[in-house]
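A quick write-up on the structure given underneath.
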Amino acid sequence: MIKLSQTWDDALKALCYIADKGDLVQIRDIVASQWMSETCLRRIIPDLHKAGILVAKQWRWGGVMLGMNPNQISLYDIFLAVGEEIWLTDCTKDIYCDKKDDCYTTDVLWNLQRGFNSLLKMQTLDKIVKK
């Protein structure tokens, strides 16, 4: 069963806040407005930066901003960027199972996994932040 982590929740809240502001945002502003730990947010930023989702500015008025258009950033991308598990069950992780060919639920679980992945890919930041 999928259980969303605090890391993923913080990443989504921070990205929505940044998308809503549409410009360079100070980390302290994200932390204050979204009631999250600065330490946790600072741990997430490098992963989001590496994925191209965020750009971190280090100069005098540093902060973070989106690295791409909000309509190009899906929940699926955020899941992958922060290393979140997106598998519904072990069966859909492609772990070898010698009972796979005789299992009644394999096809159903794979269909659910594909559907879940599709929903995550369709849900983008711009749709979440829309006012």
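Could you tell me how many of the residues in region 26-36 are open to solvent by 40 Å² or more (accessible area, probe 1.4 Å) and part of a loop (DSSP other than H, G, I, E, B)?
Looking only at that region, the number is 2.
Which pairs have Cβ atoms under 7 Å, sit 6 or more apart or on different chains, and link a residue in region 111-131 that is open to solvent by less than 70 Å² (accessible area, probe 1.4 Å) and modelled with pLDDT under 95 to one that is of a type in the set (D, E, K, R) and assigned to a helix (DSSP H, G or I)?
V129/D20
Answer yes or no as to whether L48 is touching a strand residue (DSSP E or B) at 6+ places or on another chain (Cβ under 7 Å) and either part of a helix (DSSP H, G or I) or surrounded by 15 or more Cβ atoms within 10 Å (Cβ to Cβ) (or both).
Working: touching a strand residue (DSSP E or B) at 6+ places or on another chain (Cβ under 7 Å): yes; either part of a helix (DSSP H, G or I) or surrounded by 15 or more Cβ atoms within 10 Å (Cβ to Cβ) (or both): yes.
It is true that L48 is touching a strand residue (DSSP E or B) at 6+ places or on another chain (Cβ under 7 Å) and either part of a helix (DSSP H, G or I) or surrounded by 15 or more Cβ atoms within 10 Å (Cβ to Cβ) (or both).
Where residues in region 10-25 are open to solvent by 50 Å² or more (accessible area, probe 1.4 Å) and of a type outside the set (G, A, S), which of them is nearest to S74 (Cα to Cα)?
Only one residue fits best here, namely K13.
One line per residue, one yes/no per condition, for (1) in contact with a Lys or Arg (Cβ under 9 Å, 6 or more places away or on another chain); (2) at negative phi; (3) of a type in the set (A, V, I, L, M):
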{"position": "V55", "(1), (2), (3)": "no, yes, yes"}
{"position": "W87", "(1), (2), (3)": "yes, yes, no"}
{"position": "C97", "(1), (2), (3)": "no, yes, no"}
{"position": "L109", "(1), (2), (3)": "no, yes, yes"}
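Among the residues of region 29-56, count how many are charged (D, E, K, R) and in contact with a Gly (Cβ under 9 Å, 6 or more places away or on another chain).
Taking region 29-56 as the starting set, the residues that turn out to be charged (D, E, K, R) are 29, 38, 42-43, 47, 50.
Adding the requirement that they be in contact with a Gly (Cβ under 9 Å, 6 or more places away or on another chain) leaves 29, 47.
Of the residues in region 29-56, 2 are charged (D, E, K, R) and in contact with a Gly (Cβ under 9 Å, 6 or more places away or on another chain).
Every residue, every condition in (1) touching a Pro at 6+ places or on another chain (Cβ under 6 Å); (2) among the polar types (S, T, N, Q); (3) more than 22 Å from M122 (Cα to Cα), yes or no:
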residue: V25; (1), (2), (3): no, no, yes
residue: R43; (1), (2), (3): no, no, yes
residue: D47; (1), (2), (3): no, no, no
residue: Q58; (1), (2), (3): no, yes, yes
residue: N71; (1), (2), (3): no, yes, no
residue: V82; (1), (2), (3): no, no, no
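Looking only at region 8-26, which residues are touching a helix residue (DSSP H, G or I) at 6+ places or on another chain (Cβ under 8 Å) and at pLDDT below 90?
The answer is W8, and nothing else.
If I ask for residues that are part of a helix (DSSP H, G or I) and hydrophobic (A, V, I, L, M, F, W, C), which ones from region 1-21 would you list? Give the derivation first.
Initial filter on region 1-21 (part of a helix (DSSP H, G or I)): 6-21.
W8, A11, L12, A14, L15, C16, I18, A19 - these are the residues of region 1-21 that are part of a helix (DSSP H, G or I) and hydrophobic (A, V, I, L, M, F, W, C).
Those residues that are in contact with a helix residue (DSSP H, G or I) (Cβ under 7 Å, 6 or more places away or on another chain), β-branched (V, I, T) and part of a helix (DSSP H, G or I), I need them from region 90-131; list them, please.
The answer is T92, T106, I128, V129.
Looking at the structure I just gave you, is W87 part of a loop (DSSP other than H, G, I, E, B) and either touching an Asp or Glu at 6+ places or on another chain (Cβ under 9 Å) or at pLDDT below 95 (or both)? Let's see the steps before the verdict.
Numbers: part of a loop (DSSP other than H, G, I, E, B): yes; either touching an Asp or Glu at 6+ places or on another chain (Cβ under 9 Å) or at pLDDT below 95 (or both): yes.
Yes: the conditions hold for W87.
The values are calculated or read from the model by the stated rules, or taken from the named source; none is laboratory data. A quick note: this is a predicted structure, and the numbers were derived from the prediction, not measured. Cβ coordinates were reconstructed from backbone atoms using ideal geometry, including for glycine residues, and neighbour counts include every protein chain displayed. We work out accessible area using only protein heavy atoms, side chains counted, and drop any ligands, DNA or RNA first. Shrake-Rupley method; radii C 1.70, N 1.55, O 1.52, S 1.80 Å.
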